[in-house]
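Laboratory data are not the source of any read-out in this text; all were calculated from the coordinates shown. Here the structure is a predicted model, which means the values were calculated and not measured. All Cβ positions, glycine included, derive from the backbone under ideal geometry; neighbour counts span all protein chains shown.
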Amino acid sequence: MSHTTEWKTQIHLFEEDRTTKVRVELDTGTAKLTGHGTARCNPTDADVPEIGDELAAARAMEDLGAQLKRLAYGDMEDAGTRPRASTPSPGGSDWTHG
């Protein structure tokens, strides 16, 4: 079975007073999720906005990824399949189908 779809994402970055906040929005067509992340520049460090952007965005995407995984696990349970008991490695397979 072949399947192709497109998901829409938006990444919003806000910086103020050496703090960067990021909101990542994902629209799968059937669900809308929002991840959040924050990065603060240490007062003793040089202010390099790109580092705050990257760190806050990474944290927002990790938050979004965790939400997406919970959504998938719920869908798996609804389909009569259960995720593995152990925590998978990043990028690893969490389930088998068959």
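What ranking do H12, H3 get, fewest neighbouring Cβ atoms within 10 angstrom at the top?
The fewest-first ordering by Cβ neighbours comes to H3, H12.
Pick out, from V48, G35, H12, the residue whose Cα sits farthest towards the positive end of the charge dipole of region 8-78, with +1 on the Cβ of Lys and Arg and -1 on the Cβ of Asp and Glu.
G35
Size of the dipole of region 22-73 about the Cα centre, Lys and Arg at +1 and Asp and Glu at -1 on the beta carbon, nothing else charged, in debye to 20?
380 debye
Using Cα pairs under 8 angstrom and six or more residues apart, how large is the relative contact order of region 8-78, in percent?
29 percent
Could you work out the local net charge near K8, counting Lys and Arg as +1, Asp and Glu as -1, over the other residues with Cβ closer than 13 Å to its Cβ? Before the final figure, lay out each step's value.
Values: positive: K32; negative: E6, E25, D27.
Result for the local shell: -2.
Quick one: net charge around I51, please, counting Lys, Arg +1 and Asp, Glu -1 for every other residue with C-beta under 13 Å from its C-beta.
So the environment of I51 carries a net charge of -3.
With angles folded into 0 to 90 degrees, how steeply does helix 49-78 sit against the dominant principal axis of the chain? Use alpha carbons for both and round to 10.
Helix 49-78 sits at roughly 20 degrees to that axis.
Rounded to the nearest 20 debye, what is the charge dipole size of the chain about its Cα centre when +1 sits on each Lys and Arg Cβ and -1 on each Asp and Glu Cβ?
420 debye
Once you treat every alpha carbon in region 8-78 as an equal point and sum by Debye, what is log10 I(q)/I(0) at q = 0.16, 0.21 Å⁻¹?
Once normalised to I(0) and log-transformed, intensities are -0.58, -0.81.
Mind checking which of D53, D63, D17 has the largest fluctuation in a GNM of the chain, springs on alpha carbons under 10 Å?
D17
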